[in-house]
Structures are given as structure tokens and as C-alpha cells.
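To start, the structure under review is shown below, and the notes come after it.
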Amino acid sequence: MDYRQTPYFKVGRATELEGNDRRLYRFFEMVPGILTWGTILGTIFLSYFFPVIAAFFIIVFDLYWLLKTIYLSIHLRQNWRRTVHSLEVDWSDLLSHVKYEHLYHLVILPYYSESYDIVHKCVESLVNANGDHKKILIVLAPEEKIGAPAQEIAKKIEEKFAHLFGGFVISTHPFGVPGEMAGKGSNIAYAAEYARIHLLDEKNISYKDVLVSAFDIDTVIYKDYFLCLMWHFLTAEKPYRSSYQPVPFYNNNIWEAPALSRVVAGSGTFWQMIQQERPEKLTTFSSHAIPFQTLYELGYWQKNMVSEDSRIFWNALLAFNGDYRVVSLSYPVSMDANLAPTFFETLKNIYKQQRRWAYGSENVPYILMGFVKNKLIPLRKKITIAFVQLEGYWSLATNPLLIFLLGWLPLILGGHRFNQTVLSYNLPFITRNLMVLAMFGLVVSGIIFWSLLPDMPQGYRMRHKIFMIVQWVLVPFTIVIFGAIPGVDAQTRLLFGKYMGFWVTPKHRGGESSTQS
Amino acid sequence: MSSKVRKGYFVFFILLFLVLIPVVIFYSLGYNISLDKKFSFFKTGGISIYPSEPGVIVSLNGKEEGRTSIFEHSVLIKSLSPGQYNVSVTKDGYRQWDKTITVLEEKVSEGFPLLLPQNLTPILLSGTSTASSTELTNSYNEAIALFTPPTPVKKIKIPSTETATATPESLGITNHKVLLYKDDGVIKVRWLGKMEEIPYFFCFLVSEGNTCNASFIAYKAKDLRDISFFPGRNDVVIFSAGNAVSVVELDRRAPEFFMALYKGKMPDFRIGKDDVLYIKDDGLLYKIDLS
């Protein structure tokens, strides 16, 4: 069975299927929301009717959360050491022991309304990267919808940088193509095919020799990115059955961004670092790399859904009957933290971005459908992956609410009889003490975050740096407001079939804006 | 980390979780280990005292168990073997509050001490206005306004669940659904809300659980005149009877807290703003600050 030939391979939502498949897919779309709302409503129900059971559940859950926090922090510290080491490694020396000169890098840079400065900094970092630039092929991919301003940026970039690379094309993504959802996925899929024809085929480059890096336009790579990527590709167990994931640091504008934005961004980085130590749980996210041969076999990224960055991994996993993985590079790329002209606009953008990322739960029905239809993937692998994915989205949406809000419900709803029990008195004590212990991990987070900061710009004082550690007291607030609630929001939309479209995060860097230059 | 090391961590934490679950659950239920009885488990209870102000010392059977502060306005004493305990609440300059509280397995008994200053000296009020007694003059004016003409008190009619005993004079006052009224020289209390929400002083903790009565007799007094709730409390009553204005707790656990705030001839009282008690006795006006 070639799963790629099935009607479900590139499905984006239930409405694209028919009959029982549609009904089944629709049910799977509801599963994350049912689990989340079942937990929230179940806690409220239990707190009112069975407060003792609810109290037990909350205490056991808090204990689980404490131990999970410690367990994950071990992974975080480990990947921190590995990432720091990766930044210090002489990748040129490592590569000198393998044959790599045949490899090319195809860098796809989609953009929408971002400013010239943002595009410029991204491309400039590619110029400054170590390695043979004649082996770097650039595809600048503006959206036709933006019109002349985007084209002007492309032309200016081409004039300044094109001659420095082995190839440079501008692929303007047409607007309003039937069947496509406007967004990054449809753009980079178009750009990849454009590059295949106008770069790879024209230059007679073997698809097997090309590594595709699909970057968000605010991505600024570190100097040895291409060397690190090549080394991991060449030493991977199954290089064409692997994607390659760098660690996203949100350092481009970290000193200008408000504390809430920094904490949210840092939390995202930490989560990716933790996952880098658990590659069996890692999926592709945001800026990532994949061999062009593999990408071509998969028919590129999906054009009909929001989370194309993670979906390409699931496409591959199902297409290759479970024989696909993500290789952790443990090497960073730098991107933008959320920053808007006003504080409240920043908060709004953070929320919307987190909600879009939480909408990755749209992969759950795709995965479950694929596991039902693809009989060639081992059952144990299906169960493990399904559990990990469902638990992950459930945790995101419910855990902060359970810990910081719902934990008090038995005391409020349990009634006078329950409130006279030792259990009701111990519940807040135990909950508080477990959470205080868990919060010690924030000290570690603060130290790691500090160590990964770029140099402090001129005009900033030591108190700004100290606040980079103190800001982590905001975590109880951010994981609820910018973690759980967007998660619930996204899953609820999927639950009721109110599908989301792609939302472009506006990019700002201290005085710059994403409006057209 | 190698896959083997990660699996090792995973298994370790799973095992730790499974081991800690019963420990935490039993602890939360109030179980304790008896060192005297060969490490056997026994159920405990607790006492929670709510002085609601800082600087209060709570003692159990003569031993200090906790103090309140600006951050912590209550004291919880846990891991108590079931039985009776003498609780004392003290604060410098205040009258000691004592109560014998019964502790049951897996239950927390509560106490809400009434802290009154040891020296509650009534201040005589007069109508003379001088630069140094403007405050007293204001108090005097407030007292006059409260006593004459008779201040209408918000009263409600007692629900007629009793036959014959309710008289037209039996109109009471309420505070958070606790009805306080006088009936033929007797101060009575009735709970008007749901039984599930009944306050502690309507109940006695017994071995089978709570025994709660929705109404009871709070105090019997000769020549009972005015009654009112103590400011900010629905479990303490101020009343005037005989030659005194007194305060009594509705918490019937021994020893009962009773204190005469003022003794004179035939005083009456009103409660003014800011928890000030005004007393009128033999044509003179006094005030006592209860805050």
C-alpha cells in the first residue's frame, strides 16, 4: 500500500472527505476538544458531587506535574549542555572526515508583509554563514497578494545578494489558487516546485544532494548552521528518512520585547530543547530542514492547512509506514519574539500566535486517520505515538488550568460537609507545596535563559539583565493565559468545525515594523 | 542522553510516582504513623482557629501551637489524635479566649475566637463642644441620633414554623441568614438558609458526625431589653438585660464566653458606625469602641 496514493494523504479537514471517512475524520477532529473539555467539566462535576474524589485527583495530578517537571528539566539541562557544545564545536573539522562537497542547500524564504530590514537580516545571515556559498541556493518567496512592495523588496535583495550564492530565484506565490489555504504551507510548496524546475533541473543538481531549509523570514542563522546540518545528514542512520530540526531561539529582538513576550518565547525554546533530547517525540516545527528527495516524494508541504511545519513530518511518517524520524541538531537558529508597537498589541499577537501553534492539534485527526488506514505501521508504534500526541495537546490545554485554577474547586463547590474534612484543609497546603517545589525549576530556567541571551545592547543596564531572570515569576500567568487558554480555544474551534486559517505573526524589531518599507 | 539512560529516568520517575501516590493520599486524609504502637497507622483530625488578626497565640492544652501574622490570619493544627483539647487564644492586652474542642477522625473542628480588650472603659459623652473633644462631640451627636427618636431597626418577621410560641413581639434581626430574636426573656437563634450551609455553632460534632439543629436558645436573661449581633459577627450577641450590657457567644462549646461590657442601672445600647457601642444609662451617654 502506498499511502501517498490514498485520498487521506493530504487531507486538511473532514470536509475534504466523503462518507464514512468523513465521519471518522470528523470524529477524530473532535477528540482533542472532547478530552480537554471532558477534563475541565469533569473536574467541576466531581468537585460539586464528589469533592473527595476531585481532591484526590487534584493532589495526584499535582504530584504528577511536579515529577514531570523534574523529569523534563533533566532533559532541558542536558540539551542546554549539548547546544552550548554545538556552538563551540569545530564543524569544519568534523566535516573534513566525511565527503560533503556534493551537497547543496536550498533555502526557502517565504514572506508576506515583513519589512525589507527583516528580509535583509535573514539573507545577510546566510551570507555570513560558514561554508561554500556557491552551494547555497536561495528561493525568495513573496506573496502575490501583497503586490509591488513585496516585489520591490525581492528585487533589492536580489540585487545585493544574488551573486554571492550558487543560485537565486524569486518565486511569487499566486494569490487565490483553488483548493489552497493562503499561508506559509502553500507558499513554500509552490516555491519548492519552482526551485526544482528553475534551479535544480536547470543546474542538473541531483535531488538527493539537496538539503532544503524552510525558514520563517525572521530566521537569522548562526554561522555553522549549514555545516552542522550537513554533518547530521551525512551521519544519520537513515538520512532520507529523517527531517532535521534546529532549536529556535527568539533572540533577534529579545532585549526590546516586553517581559511577557520574553517568557512565552523562552518557554517555547525550552520546550523545543526538551524535545530535542527525546527525538522519538520530536516533530518538525517552524524553521526546519528536510532532504529535497524526500520532500519531492512527499509532494511538498500541504497547502490546505495551517500547521504545515509539523504536518510534513506526519506526511512522511505515514508515507513511509512509520519509518521516519526527526534528527535533533541541538544547534540554534534565532527568530523574533513577539513585539508590536503597543503593549496590548503585543499581548494580542502573542495570544494569536500561541493559538495558531496550539492549532497543531489539527494533526491529531490526521494521525489517527492514518493509523486506521495504514496497516503497515507497527501497532505498538501507533499506540505510542497516538498517546504521546493526545497527551501533549491535552496537557497543554488542561494542566495549567488544573494546577492554578481548578485546584480550588472542591473547596468552593464541595459544600460545608467537605470543608470540615482534613482532606479539604490539606488540599491547598499540599497543592501549594507541590507547586512551590515545581517552581524551583524556574530558577534553572532563568539561569539557562540568561546564558543564551545575546549581548546586551548599549543603553541597557544591569537591572535589565537581572530582570531577565526575575521575569520567570510570570510563568504561572503565561502558561495559563498564553498556554492553556489558546490551547482550549484552538481545540474548541476544531471540536465545532470552526476551522482556523493561517495567521501571519507581525514582525517588529525595536523601531522597525512589518509594514511595507 | 542515551536512550537507555532516558528510559532509566522514565522508569525511575514512574516508580517514584506510584510509590508517592499512596503516601500523599494518606497524608492528605490525615493518616499518621504511631511510633508507640509499632508504626501502625491511625487517623487524625485537626483544629483550625480563626482569630482573623495578627499577633494572636493559639495554644493547645497549654502548649503554643501557632501564631497569626499579617500574612496568616488563622492557625491550623493537624495530626491530632481524636479526643478533646483545651484551646486557648491569647493576645497582649486582650482577654483570653478558651474553648474545649472535640477532634474527630478525618475532620477539622473550627473555632472563631472573640478577642476583646481587657480594659474596655466606657467613655462618657457630653454635648459640650471644645477644640479638644470634637471627636467626642461627633460621637455624642451620633449617639443622640441613634437613641432619639427610636431608630427603626431592620427586622423581619419570623417564619411561622413554630405554633403558638411566636408572638407579635417576636421580630428579629438577621445577619447572613442567622436570625436573632427575643422571645419572652429568651434570646433565640434560627438558621434561615440551607441545612448544607448551616454555620458551625448550630452543630455539635459527635462520633457519627455533625448533629445540627436549625434553632436553639442562646441565652436566658431577666429583664431582657435590646439584642443585636456583635459588629462583624453572626455568632456573637450583645444584649442589655438587668443592670448590664453584655456579650455572649453562640458557640455552645464549653466554656461559654460571656462578658459584661458595662454595668450600671438599666442601660440600653445601640451600635453606631465604625463598630462603636453607645450606651444610654440613667440619662447619660457612653461609648465603647469595639473595633
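Could you list all residues from region A:29-60 that are over 14 Å from A:GLY407 (Cα atoms), within 14 Å of chain B (Cβ to nearest Cβ) and open to solvent by less than 50 Å² (accessible area, probe 1.4 Å)?
None; the set is empty.
Take the residues of region A:190-206 that are assigned to a helix (DSSP H, G or I) and surrounded by fewer than 23 Cβ atoms within 10 Å (Cβ to Cβ): which is nearest to the chain's Cα centre (by Cα)? Spell out the reasoning first.
Taking region A:190-206 first, the residues assigned to a helix (DSSP H, G or I) are A:190-201.
Now drop any that are not surrounded by fewer than 23 Cβ atoms within 10 Å (Cβ to Cβ), which leaves A:193-194, A:196-201.
Details: A:GLU193: 24, A:TYR194: 25, A:ARG196: 26, A:ILE197: 29, A:HIS198: 30, A:LEU199: 29, A:LEU200: 29, A:ASP201: 31 Å.
Ranking the qualifying residues of region A:190-206, first place goes to A:GLU193.
Looking at B:SER3, B:SER48, B:SER59, B:SER40 in this structure, which one is touching a helix residue (DSSP H, G or I) at 6+ places or on another chain (Cβ under 8 Å), of a type in the set (Ser, Thr, Tyr) and either open to solvent by less than 90 Å² (accessible area, probe 1.4 Å) or within 14 Å of another protein chain (Cβ to nearest Cβ) (or both)? First the steps, then the outcome.
Details: B:SER3 fails: touching a helix residue (DSSP H, G or I) at 6+ places or on another chain (Cβ under 8 Å); B:SER59 fails: touching a helix residue (DSSP H, G or I) at 6+ places or on another chain (Cβ under 8 Å); B:SER40 fails: touching a helix residue (DSSP H, G or I) at 6+ places or on another chain (Cβ under 8 Å).
The match here is B:SER48.
Among the numbered criteria (1) at pLDDT below 95; (2) part of a loop (DSSP other than H, G, I, E, B); (3) not charged (D, E, K, R), which one does A:TYR300 miss?
(1)
Return the total of residues in region A:420-463 being among the charged types (D, E, K, R) and within 14 Å of chain B (Cβ to nearest Cβ).
At the first step, the residues of region A:420-463 found to be among the charged types (D, E, K, R) are A:432, A:455, A:461, A:463.
Within this subset, residues satisfying the condition of being within 14 Å of chain B (Cβ to nearest Cβ) are A:432.
So the count comes out to 1.
Give region A:282-299 a look and list any residue that's open to solvent by 10 Å² or more (accessible area, probe 1.4 Å) and either out of contact with any Pro (no Cβ under 9 Å at 6 or more places or on another chain) or closer than 20 Å to A:LYS208 by Cα (or both), or say none.
Answer for region A:282-299, where residues must be open to solvent by 10 Å² or more (accessible area, probe 1.4 Å) and either out of contact with any Pro (no Cβ under 9 Å at 6 or more places or on another chain) or closer than 20 Å to A:LYS208 by Cα (or both): A:THR283, A:GLN293, A:TYR296, A:GLU297, A:GLY299.
Could you check region A:2-28 and list, in sequence order, the residues that are open to solvent by less than 10 Å² (accessible area, probe 1.4 Å) and over 21 Å from A:SER361 (Cβ atoms)?
Result: A:TYR3, single match.
Restricting to region A:128-149, count the residues that are assigned to a strand (DSSP E or B) and either among the aliphatic types (A, V, I, L, M) or open to solvent by less than 20 Å² (accessible area, probe 1.4 Å) (or both).
We begin by selecting, within region A:128-149, every residue assigned to a strand (DSSP E or B); these are A:136-143.
The next check asks that each one be either among the aliphatic types (A, V, I, L, M) or open to solvent by less than 20 Å² (accessible area, probe 1.4 Å) (or both); those that pass are A:136-142.
Looking only at that region, the number is 7.
Of these, A:LEU423, A:LEU427, which one is open to solvent by less than 10 Å² (accessible area, probe 1.4 Å), part of a helix (DSSP H, G or I) and in contact with a Pro (Cβ under 7 Å, 6 or more places away or on another chain)? It would help to see each step written out before you state the result.
On the way: A:LEU423 fails: in contact with a Pro (Cβ under 7 Å, 6 or more places away or on another chain).
From the options A:LEU423, A:LEU427, the qualifying one is A:LEU427.
Filter region B:235-289 for residues that are open to solvent by 60 Å² or more (accessible area, probe 1.4 Å) and within 13 Å of the chain's Cα centre (by Cα); which is nearest to B:ALA221 (Cα to Cα)?
The qualifying residue nearest to B:ALA221 (Cα to Cα) is B:PHE258.
Tell me the strands (runs of 3 or more DSSP E) entirely within region B:155-230 that contain at least 1 residues that are modelled with pLDDT under 90 and touching a His at 6+ places or on another chain (Cβ under 8 Å). Reasoning before the result, please.
Numbers: elements: B:171-175, B:178-182, B:186-191, B:203-206, B:209-212, B:215-220, B:224-229.
Per the criteria, no element qualifies.
B:PHE13 versus (1) of a type in the set (Phe, Trp, Tyr); (2) more than 10 Å from chain A (Cβ to nearest Cβ); (3) open to solvent by less than 70 Å² (accessible area, probe 1.4 Å); (4) assigned to a helix (DSSP H, G or I): which is the lone unmet condition?
The failed condition is (2).
Return only the number of the condition from (1) open to solvent by less than 60 Å² (accessible area, probe 1.4 Å); (2) over 19 Å from the mean Cα position of the chain (by Cα) that A:VAL480 does not satisfy.
Checking A:VAL480 against (1) open to solvent by less than 60 Å² (accessible area, probe 1.4 Å); (2) over 19 Å from the mean Cα position of the chain (by Cα), the one that fails is (2).
Report, by residue number, each residue of region A:62-76 that is open to solvent by less than 10 Å² (accessible area, probe 1.4 Å) and under 11 Å from A:THR431 (Cα atoms).
Result: A:ASP62, A:LEU63.
Within region B:63-100, work out how many residues are among the basic types (Lys, Arg) and either in a strand (DSSP E or B) or within 14 Å of B:ARG253 (Cβ to Cβ) (or both).
Quick first cut of region B:63-100, residues among the basic types (Lys, Arg) only: B:63, B:67, B:78, B:91, B:95, B:99.
This time we only want the ones that are either in a strand (DSSP E or B) or within 14 Å of B:ARG253 (Cβ to Cβ) (or both), so: B:63, B:67, B:78, B:99.
Adding up the residues that qualify gives 4.
Looking at this structure, is A:MET305 within 30 Å of A:LEU339 (Cα to Cα), buried (at least 22 other Cβ atoms within 10 Å of the Cβ), within 14 Å of another protein chain (Cβ to nearest Cβ) and of a type in the set (A, V, I, L, M)?
On the way: within 30 Å of A:LEU339 (Cα to Cα): yes; buried (at least 22 other Cβ atoms within 10 Å of the Cβ): yes; within 14 Å of another protein chain (Cβ to nearest Cβ): no; of a type in the set (A, V, I, L, M): yes.
Considered against the rule, which asks whether it is within 30 Å of A:LEU339 (Cα to Cα), buried (at least 22 other Cβ atoms within 10 Å of the Cβ), within 14 Å of another protein chain (Cβ to nearest Cβ) and of a type in the set (A, V, I, L, M), A:MET305 comes out as no.
In contact (Cβ under 8 Å) with a residue 60 or more places away in the chain and open to solvent by 40 Å² or more (accessible area, probe 1.4 Å), is that true of A:LYS184?
Values: in contact (Cβ under 8 Å) with a residue 60 or more places away in the chain: yes; open to solvent by 40 Å² or more (accessible area, probe 1.4 Å): no.
Here the answer is no, as A:LYS184 does not meet what is asked.
I want to confirm something. Restricting to region A:384-419 and keeping residues that are within 12 Å of chain B (Cβ to nearest Cβ) and at pLDDT below 85, which single residue is nearest to A:THR492 (Cα to Cα)?
Of everything passing the filter in region A:384-419, A:GLY415 is nearest to A:THR492 (Cα to Cα).
Might you let me know whether region B:23-36 holds any residue that is more than 13 Å from chain A (Cβ to nearest Cβ) and not in a strand (DSSP E or B)?
Keep residues of region B:23-36 that are more than 13 Å from chain A (Cβ to nearest Cβ), which gives B:33-36.
Now restrict to residues that are not in a strand (DSSP E or B): B:35-36.
Yes; the residues of region B:23-36 include at least one that is more than 13 Å from chain A (Cβ to nearest Cβ) and not in a strand (DSSP E or B).
Considering A:ALA397, A:ALA484, A:ALA438, A:ALA490, which residue is assigned to a helix (DSSP H, G or I), within 28 Å of A:ASP218 (Cα to Cα) and touching a Phe, Trp or Tyr at 6+ places or on another chain (Cβ under 7 Å)?
The match here is A:ALA490.
For residues that are among the small types (Gly, Ala, Ser) and under 24 Å from A:LEU452 (Cβ atoms), scanning just region A:61-114, find the one that is nearest to the other protein chains (Cβ to nearest Cβ).
Per the stated criteria, the residue is A:SER73.
Could you please find all residues in region A:263-288 being touching a helix residue (DSSP H, G or I) at 6+ places or on another chain (Cβ under 6 Å), in a helix (DSSP H, G or I) and more than 13 Å from chain B (Cβ to nearest Cβ)? It would help to see each step written out before you state the result.
Just the residues of region A:263-288 that are touching a helix residue (DSSP H, G or I) at 6+ places or on another chain (Cβ under 6 Å), to begin with: A:263-264, A:266, A:270, A:273-274, A:276-277, A:281-286.
The next check asks that each one be in a helix (DSSP H, G or I); those that pass are A:263-264, A:266, A:270, A:273-274, A:276.
If the condition is that a residue be touching a helix residue (DSSP H, G or I) at 6+ places or on another chain (Cβ under 6 Å), in a helix (DSSP H, G or I) and more than 13 Å from chain B (Cβ to nearest Cβ), then A:VAL263, A:VAL264, A:GLY266, A:PHE270 are the ones that fit.
Please enumerate the residues belonging to region B:67-103 that are open to solvent by less than 30 Å² (accessible area, probe 1.4 Å) and within 14 Å of another protein chain (Cβ to nearest Cβ).
B:VAL75, B:ILE77, B:LEU80, B:ILE101, B:VAL103
In region A:461-472, how many residues are open to solvent by less than 70 Å² (accessible area, probe 1.4 Å), touching a residue at least 60 places away in the same chain (Cβ under 8 Å) and under 22 Å from A:ARG509 (Cβ atoms)?
Qualifying residue count, region A:461-472: 3.
The values are calculated or read from the model by the stated rules, or taken from the named source; none is laboratory data. Because the structure is a prediction, the values reported are computed rather than measured. Cβ sites come from the backbone with ideal geometry, for glycine too, and all protein chains shown count toward neighbours. Just so you know, the surface numbers come from the protein's heavy atoms only, side chains and all, with ligands and any DNA or RNA stripped out. Shrake-Rupley method; radii C 1.70, N 1.55, O 1.52, S 1.80 Å.
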